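In what follows, a structure is listed as structure tokens, so that the remarks can point back to it.
Please treat every number below as a calculation from the coordinates, not as lab data. Small disclaimer: the values here were computed from a predicted structure and weren't measured. Quick reminder, even Gly has a Cβ in these numbers, built from the backbone with ideal geometry, and neighbours come from all protein chains shown.
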2 protein chains.
Amino acid sequence: MSLPHAILTALLERPSSGLELTRRFDRSIGYFWSATHQQIYRELGRLERSGRIRALESARPARGRKKEYEVLPAGRAELTGWVSGREDPKPVRDPLLLRMRAAAVVGADGLPDELRRHLALHERQLAEYTDIEARDFTRGAEVSGPDGPTEADRLRHLVLRAGIDLERMWVEWLSEALRETGTATAAPAAPAGPDGV
Amino acid sequence: MSLPHAILTALLERPSSGLELTRRFDRSIGYFWSATHQQIYRELGRLERSGRIRALESARPARGRKKEYEVLPAGRAELTGWVSGREDPKPVRDPLLLRMRAAAVVGADGLPDELRRHLALHERQLAEYTDIEARDFTRGAEVSGPDGPTEADRLRHLVLRAGIDLERMWVEWLSEALRETGTATAAPAAPAGPDGV
DNA sequence: ACACTTTATGCAATCAGTTGCACAAAGTGT
DNA sequence: ACACTTTGTGCAACTGATTGCATAAAGTGT
């Protein structure tokens, strides 16, 4: 149930049309809650019908005509309530880890290649995040006013750092996994003595 | 599309009934792919109909009668194919991060409490994982034969360590987030000079 | 014998997310 | 004038996951 809230947040930051939202989801917000344009349009329709957002009057509604939305008080209230509520972290669901577990049973054929591929993807994502950090969250970047970062700046930076920490974790773990499985399949390590070091 | 493969893996490790599977999913496998008993029963039905598993003959089929399944060659082949295939990591979808982003817009009221709550949950999960590691993956534990850990042991250990690394990352990030938002709401930090260190 | 609890299996409805496609307007090249 | 591309909006069908409920057998206490 997070998509409507993601959209409300984005619209509060700046009123947008469906396509603009879609593009913004491909960048900032979508890093933590991705959505396709179809999902977004459907949700915009629901939010409008339930009185949480409304279309700016400018354009008469017609297919293919740009339609911008803004958040109504009911929408802001809804979002505030959601932020201050409770929601448990969902259990991890990771197909790669599952596949490694299956590989322990049916054999790890071709797994190192897949690990390398994932490593490259996570390295790329990490680089993207650190670029954003360097651009938006270093001393002197435009988001920092003369009084230093605002509360909002600090929160946004924290969110970005969660992404960075997460990607770094995967990069490190995948590197270690490659060290262990890569060498193992290529040349089985000489087993240590039964009770030795 | 991972649930059937998770079930096949579990059944290869040991033939089980639906309820036994459900319990095993609450422990090992479910740490990385959780599932309810309803999902599992439905999937067992599908897997049986498609000839990937079969019920052990012993018990005649009846509601409330235990029914054990074992994997057929077609099931093992299916699993092998899945393991050696490619599958991109899914983009992150984390409601907590989204809520922090929303908090940057509508205010972070009550957020520190929620962060503390999540911190406690992740610390608990981390402790659970490290317990398992101490029990199953230290020199001398029963899974290690006289020749040291097998390839399968090493893979399973890697999967567990991914869980450990992940939880550790959250514990550290949440601690840092609390340090920043906790103090920030209580007493705004004195801003550094505009161009200072 | 009876009610109560535990173990076990399963259906049906719903919901969120994904995929595939269609439609409309405006701009671009020839 | 015409075809082609880009921008923008949207529906419909499907799939996977969740929630709520129903059923059946076996064990337990009185």
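Numbers for the structure displayed
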{"read-out": "Those aspartates and glutamates that a straight Cα-Cα span of less than 20 Å connects to A:Lys67, excepting residues fewer than 8 apart in one chain", "value": "A:Glu13, A:Glu20, A:Asp26, A:Glu43, A:Glu48, A:Glu57"}
{"read-out": "Pair B:Thr36, B:Leu121: separation of 7 Å Cα→Cβ label points (nm)", "value": "1.7"}
{"read-out": "Alpha-carbon centroids, region A:5-33 and region B:24-57: separation in whole Å", "value": "38"}
{"read-out": "Ranked packing of B:159-166, B:89-96, B:11-18, most packed first, by mean Cβ within 10 Å", "value": "B:159-166, B:11-18, B:89-96"}
{"read-out": "Mean separation of Cα contacts under 8 Å, 6 or more apart, over the residue count of region A:95-185: relative contact order %", "value": "40"}
{"read-out": "For A:85-91, mean number of other protein chain Cβ atoms within 10 Å", "value": "6"}
{"read-out": "Nearest residue to the symmetry axis between B and A, taken on chain B by its Cβ, in whole Å", "value": "B:Met169, 2"}
{"read-out": "Simple Cβ-charge dipole of region A:95-185, Lys/Arg +1 and Asp/Glu -1, about Cα centre, in debye nearest 20", "value": "240"}
{"read-out": "Inter-centroid distance (Cα atoms) of region A:153-180 relative to region B:76-145, Å", "value": "13"}
{"read-out": "Shielding of A:75-84 by partner chains, average beta-carbon count, 10 Å", "value": "5"}
{"read-out": "Partner lysines for A:Lys90 [C-alpha distance under 26 Å; skip if fewer than 8 residues away on the same chain]", "value": "B:Lys90"}
{"read-out": "Label-to-label distance, nm, for residues given as B:Asp109 and A:Thr130 (7 Å Cα→Cβ offset)", "value": "4.0"}
{"read-out": "Peptide B:35-48 - average C-beta neighbours from other chains (10 Å radius)", "value": "0"}
{"read-out": "Distance (nanometres) between label positions extended 7 Å along Cα→Cβ at A:Ser28 and A:Arg86", "value": "3.1"}
{"read-out": "Low-density loop positions, trypsin sites (Lys or Arg not before Pro), region B:1-51 - DSSP coil, at most 16 other Cβ in 10 Å", "value": "B:Arg27"}
